[in-house]
Amino acid sequence: MYAVVKVGNHQYVAQKGARISIEKLDGPEGSEVKFHDIVCVGEGETLKVGKDAKGLVTGTIVAQSKSKKIDVFKKKIRKGYRKLIGHRQAYTVVEITDIQGA
């Protein structure tokens, strides 16, 4: 069984036992997370989409981390303008423990 879960502006495919990296969620490691916004639920040949896809996906927070640093460099030619900005995106690793589909 698998489900497509919407978190923020992104959609993730969730299967039982899989670990997914999603945008930052509040909560300590080891706490339980429930996702109610389900886009579709599939099992074998059956697929429920939209309003038919009612269910609940439960997961456990495994880690709170940051991605690799990205350097953003801006420059305007012959103006003496140079700017270097770094960015590290925060994300949460969640292990899917249960998928309940109606």
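Values quoted throughout were computed directly from the atomic coordinates according to the rules given, and no laboratory measurement underlies them. Remember, predicted model here, so these are calculated numbers, not experimental data. We place every Cβ from the backbone using ideal geometry, glycine too, and count neighbours over all the protein chains shown.
Here the Karplus relation 6.51 cos²θ - 1.76 cosθ + 1.60, evaluated at θ = phi - 60°, turns the backbone of the stretch 46-56 into coupling constants of 8, 9, 10, 10, x, 5, 6, 8, 9, x, 8 Hz, with x for every Gly and Pro.
Relative to the current alpha-carbon distance between Glu43 and Thr58, full extension at 0.36 nm per residue lengthens the span by 3.7 nm.
Dividing the mean sequence gap of close Cα pairs (under 8 Å, 6+ apart) by how many residues the stretch 2-101 holds gives a relative contact order of 33 percent.
Springs between alpha-carbon pairs under 10 angstrom, Gaussian network model over the chain: which of Gln64, Gln89, Gln15 fluctuates most? Maximum among the listed residues: Gln89. Both radii are taken from the alpha-carbon atoms of the chain; with Rh as the Kirkwood radius, Rg/Rh is 1.20.
Footprinting exposure proxy ranking of Ile77, Ile85, Ile61, fewest other C-beta atoms within 10 angstrom first, gives Ile77, Ile85, Ile61. Close amide H partners of Val33, meaning residues 5 or more places away or on another chain with modelled amide H under 5 Å apart, are Gly59, Thr60, Ile61.
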